[in-house]
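No lab work stands behind these numbers, since they all come straight from the coordinates. Keep in mind that what you see is a predicted model, and the values were worked out from it rather than measured. Positions of Cβ are backbone-derived with ideal geometry, glycine not excepted, and every protein chain shown enters the neighbour counts.
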Amino acid sequence: MSEQSRSDDFGPIGLTIDKIRIGDRASFGKTLTEADVYQFAGILGNFNPLYVNTEFAAQTPLKRRVVPTILVASLVSKVLGTQLPGNGTVHIAEEMEFLQPAFIGDTIEATIEVFKLDGRRCRIWFDIVCTNQEGEIIARGETEVKPPCNNCGRCGREQ
């Protein structure tokens with residue numbers, strides 16, 4: 001992966017499509033805490049007892065509280081927006097399959113890898129894999145982004 005391009009008052013602009021290659025990858029890992037779940041629930045107003053109530057969760061087949069799947073998916077957005085391609089990336093689409101739950105206290109690593117580039121439309125597609133601290137795949141999918149603009153005029157954006 002190449003170095004980031006231009007800088008402005010908001011930090012470095014992420015990688016433009018001409019700086020990205022198939023096979024480039026980036027990851028971000030985070031231990032998802034009770035505070036993360038409560039803050040996320042508060043932002044969305046989604047206080048599903050499976051997320052916030054230990055007694056309720058103990059009565060379910062899972063036996064303990066889980067992390068909202070969309071919180072797990074948001075780790076992918078963090079990688080895209082801050083690492084690859086980075087600042088200025090526009091998230092176009094994402095499809096994820098959640099294979100097993102993430103529990104409060106799990107360390108989840110979201111990894112993305114470029115599998116398709118379209119320089120004409122200025123689009124990049126990534127495979128997504130999210131694993132827990134045991135190395136088990138808990139989620140997988142694909143995402144499509146527009147990387148930061150390189151002012152080529154093809155993408156329909158101006159910077």
Requested in this report: Would you mind counting up the charge near ARG25? Only other residues with Cβ under 10 Å from its Cβ, with Lys and Arg at +1 and Asp and Glu at -1.
Outcome: -3
Query raised in the report: Against the longest alpha carbon principal axis of the chain, how many degrees, from 0 to 90 and to the nearest 10, is the axis of helix 69-82 turned?
Result: 30
Report summary line: Cα-based Debye curve of the stretch 36-83 sampled at q = 0.22, 0.28 Å⁻¹ gives log₁₀ I(q)/I(0) of -0.76, -0.99
Query raised in the report: If you line up the long axis of helix 34-44 against the longest principal axis of the chain, both from Cα atoms, how many degrees apart are they, to the nearest 10?
Result: 70
Report summary line: Sites removed, the longest contiguous part of the chain containing no DSSP-loop GluC sites (Glu not before Pro) with at most 14 other Cβ within 10 Å is 4-133
Query - With at most 13 other Cβ atoms within 10 Å, longest stretch of the chain clear of loop chymotrypsin sites (Phe, Trp or Tyr not before Pro) (DSSP) - result: 48-159
Query raised in the report: Reachable lysines from LYS116, Cα under 21 Å, same-chain residues fewer than 8 places away excluded?
Result: LYS19, LYS78, LYS146
Report task. Consider the candidate values (i) 29; (ii) 55; (iii) 41; state which one is percent of Cα pairs over 24 Å apart computed from the structure displayed. Result -> (iii)
